[in-house]
Amino acid sequence: MGNVKDLKISPMILYHLNEFKNAAMWPAHLWSEANHLFLQILPFEDTPFTRLISASNEIVERTTRVYTKPAFNIQFNKNDAGKSIQVEEKIIREKPFCTLKQFIRKQNNNVIGKEEPTVLIVPPLSGHFATLLRDTVATMVVHHNVFVMDWHDARLVSLKHGAFDIETYVDYLLEFMTNLGSDIHVMAVCQPAVPVLMAVSILADRGDINQPKSMILMGGPIDTRINPGKVDKFAKEHDIGWFKRNIITKIPAYYPGAGRQVCPGFIMLNGFMSLNYERHKEANFNLFLNLVRGDMEHTESHKKFYDEYRSVMDLPAEYFLESISTIFQERALPKGKMYWRGQNINPKAIQRTALMTVEGELDDISPIGQTFVVHKLCSSLSKNLKYHHCQAGVGHYGIFNGHRWRTEIYPKVKLFISENNK
């Protein structure tokens, strides 16, 4: 979104142009890979000139690469005693738009930690794959039984599976939470704070025995009227018709999801990048400088983040448009006007599920206050079941990724889960 102007060409043509761009740049990508192999086998001395050539080649390779869905690839970790833990992924349930995965811990091929708290992590469905939360999962899995909702790229979902909107999203949550039982804690990172709050409210309204023990909402747009950021302002400045005309397109015939209306991932990535354009430009220039200097520590850190950040997927159009209209334009949930299958969503019904909110001081996607407001909405929940943490010095991604997440935020999340796991 960001500073995107009203497009002058059909988004359908734009999708094909993006595919054409990828195909046209592929020879350059193959050439850069060949150059990389050539530079590796020749006995060049390590000089500023040879590093300059190598750095230029790597920038070309990364610029022309088509980034595909990454793997979680969390095979090993270490517990508090420094002992190695094996981590295996297991598919628990597959739905057309999502797979529920479990991350199983083993030592010496024996499953461990079954008695520890179970956590369902709900990643955002906003253009990036669930693997954006790899650091979140890798950190949580040391002390918890972790389940993750792994979203599917809409371009790969056949039209025969129907539409996917916010109500379907909540259907998935209710099914997974019910199957996992009441002894779980649910963590929503960013956008899913809204559907997770909806699902927990529904279970509470029913008096369902499968209400989770706690929910952790991290940097979510519960009420975008509060301290509106760039995303909120952009959504308010354009009516829903603008998004339909300029963003929504159909998947081309050569994909499994042919004919499905989507918000293309490359458009979402353009929006993400434009929110902090200067920062991303500087980061790319610094990558080049670090490659020339031979600074591999900062180089690997950059590549690890941007390999994930540039991997995007298409979103179902129904879900994308409904999110824009109900969350960012109508602000339906905090106004008491959000519905699921005809049922009004009532957060006041929540009395048993403990609540933790996490915000970042520098978050420009879900700025301070937009998540914390849920404490007011859950007015029937006693104060001893509520906890809030605002992390100084971090933006949106720092809430769930990086050093501050691992050393300052996670210990508080871990303690909160432990205290409410009775």
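The values are calculated or read from the model by the stated rules, or taken from the named source; none is laboratory data. Predicted model only: the values in this text are computed from it and were never measured. FYI the Cβ positions are ideal-geometry reconstructions off the backbone, even for glycines, and counts take in every protein chain you see.
Starting from residues that are of a type in the set (Phe, Trp, Tyr) and either within 23 Å of the chain's Cα centre (by Cα) or modelled with pLDDT under 95 (or both), keep the ones in the stretch 319-339 and report whichever is farthest from Pro264 (Cα to Cα). Walk me through how you get there before you give the answer.
Here is the first cut: in the stretch 319-339, the residues of a type in the set (Phe, Trp, Tyr) are 319-320, 328, 339.
Checking the rest, the ones that are also either within 23 Å of the chain's Cα centre (by Cα) or modelled with pLDDT under 95 (or both) come to 319-320, 328.
On the way: Tyr319: 13, Phe320: 10, Phe328: 19 Å.
If we take residues in the stretch 319-339 being of a type in the set (Phe, Trp, Tyr) and either within 23 Å of the chain's Cα centre (by Cα) or modelled with pLDDT under 95 (or both), then Phe328 is farthest from Pro264 (Cα to Cα).
Is one or more of the residues making up the stretch 385-393 more than 30 Å from Asp183 (Cβ to Cβ) and in a loop (DSSP other than H, G, I, E, B)? Spell out the reasoning first.
Taking the stretch 385-393 and keeping what is more than 30 Å from Asp183 (Cβ to Cβ), we get 392-393.
Filter once more, so that each one left must be in a loop (DSSP other than H, G, I, E, B): 392-393.
Scanning the stretch 385-393 turns up at least one residue that is more than 30 Å from Asp183 (Cβ to Cβ) and in a loop (DSSP other than H, G, I, E, B).
Here is a list: His128, His143. Which entry is in contact (Cβ under 8 Å) with a residue 60 or more places away in the chain and either farther than 26 Å from Ala332 by Cα or basic (Lys, Arg) (or both)?
His143
Out of (1) crowded, with 18+ Cβ neighbours inside 10 Å; (2) in contact with a Ser or Thr (Cβ under 7 Å, 6 or more places away or on another chain), what's the single condition that is false for Val196?
Of (1) crowded, with 18+ Cβ neighbours inside 10 Å; (2) in contact with a Ser or Thr (Cβ under 7 Å, 6 or more places away or on another chain), only one is false for Val196: (2).
Name, by its number, the condition in (1) out of contact with any strand residue (DSSP E or B) (no Cβ under 8 Å at 6 or more places or on another chain); (2) modelled with pLDDT of 80 or more; (3) not charged (D, E, K, R) that does not hold for Pro48.
Answer for Pro48: the failing condition is (2).
Test each condition in (1) surrounded by fewer than 21 Cβ atoms within 10 Å (Cβ to Cβ); (2) under 19 Å from Ile222 (Cβ atoms) for Ala188 and report the one that comes out false.
(1)
Condition test on Ser379, is it assigned by TED's automatic domain parsing to the domain that holds Ile202, more than 22 Å from the chain's Cα centre (by Cα) and either among the polar types (S, T, N, Q) or farther than 23 Å from Val200 by Cα (or both)?
Values: assigned by TED's automatic domain parsing to the domain that holds Ile202: yes; more than 22 Å from the chain's Cα centre (by Cα): yes; either among the polar types (S, T, N, Q) or farther than 23 Å from Val200 by Cα (or both): yes.
Criteria met by Ser379.
Of (1) in the same structural domain as Arg406 (by TED's automatic domain parsing); (2) in contact with a Lys or Arg (Cβ under 7 Å, 6 or more places away or on another chain), Cys98 satisfies all except one. Which?
Looking at each condition in turn, Cys98 falls short on (2).
From Ile209, Ile202, Ile216, grab the single residue that is assigned by TED's automatic domain parsing to the domain that holds Ile345 and either on the phi > 0 side of the Ramachandran plot or in contact with a Gly (Cβ under 9 Å, 6 or more places away or on another chain) (or both).
Values: Ile202 fails: either on the phi > 0 side of the Ramachandran plot or in contact with a Gly (Cβ under 9 Å, 6 or more places away or on another chain) (or both); Ile216 fails: either on the phi > 0 side of the Ramachandran plot or in contact with a Gly (Cβ under 9 Å, 6 or more places away or on another chain) (or both).
Being assigned by TED's automatic domain parsing to the domain that holds Ile345 and either on the phi > 0 side of the Ramachandran plot or in contact with a Gly (Cβ under 9 Å, 6 or more places away or on another chain) (or both) holds for just one of Ile209, Ile202, Ile216, which is Ile209.
Select from the stretch 198-220 the residues that are over 19 Å from Pro367 (Cα atoms), within 22 Å of the chain's Cα centre (by Cα) and in contact (Cβ under 8 Å) with a residue 60 or more places away in the chain and list them in ascending order. Explain how you work it out, then say what you get.
Start the filter on the stretch 198-220 by keeping residues that are over 19 Å from Pro367 (Cα atoms), which leaves 198-215.
Then keep just the ones that are within 22 Å of the chain's Cα centre (by Cα); that gives 198-200, 212, 214-215.
Passing the criteria: Met198, Val200, Pro212, Ser214, Met215.
Within the group Arg279, Arg310, which residue is of a type in the set (Lys, Arg) and surrounded by fewer than 16 Cβ atoms within 10 Å (Cβ to Cβ)? Break it down stepwise before answering.
Working: Arg310 fails: surrounded by fewer than 16 Cβ atoms within 10 Å (Cβ to Cβ).
Step by step, each of Arg279, Arg310 is checked, and only Arg279 is of a type in the set (Lys, Arg) and surrounded by fewer than 16 Cβ atoms within 10 Å (Cβ to Cβ).
Identify the residue in the stretch 155-197 that is within 15 Å of the chain's Cα centre (by Cα) and assigned to a helix (DSSP H, G or I) and, among all such residues, is farthest from Val413 (Cα to Cα).
Tyr169
Which condition breaks for Phe288 when tested against (1) within 25 Å of Leu52 (Cα to Cα); (2) exposed (fewer than 14 other Cβ atoms within 10 Å of the Cβ)?
(2)
Evaluate the following for Leu333: is it more than 23 Å from Asp150 (Cβ to Cβ) and touching a residue at least 12 places away in the same chain (Cβ under 8 Å)? Lay out the reasoning, then the answer.
On the way: more than 23 Å from Asp150 (Cβ to Cβ): yes; touching a residue at least 12 places away in the same chain (Cβ under 8 Å): yes.
Considered against the rule, which asks whether it is more than 23 Å from Asp150 (Cβ to Cβ) and touching a residue at least 12 places away in the same chain (Cβ under 8 Å), Leu333 comes out as yes.
Filter the stretch 210-239 down to the residues that are modelled with pLDDT of 95 or more and among the hydrophobic types (A, V, I, L, M, F, W, C) and list them by number.
Of everything in the stretch 210-239, those that are modelled with pLDDT of 95 or more and among the hydrophobic types (A, V, I, L, M, F, W, C) turn out to be Met215, Ile216, Leu217, Met218, Ile222, Ile226.
Checking the structure you have, find out if any residue of the stretch 111-122 is over 27 Å from Asp307 (Cα atoms), among the hydroxyl-bearing types (Ser, Thr, Tyr) and either out of contact with any His (no Cβ under 8 Å at 6 or more places or on another chain) or in contact (Cβ under 8 Å) with a residue 40 or more places away in the chain (or both).
Checked the stretch 111-122: at least one residue is over 27 Å from Asp307 (Cα atoms), among the hydroxyl-bearing types (Ser, Thr, Tyr) and either out of contact with any His (no Cβ under 8 Å at 6 or more places or on another chain) or in contact (Cβ under 8 Å) with a residue 40 or more places away in the chain (or both).
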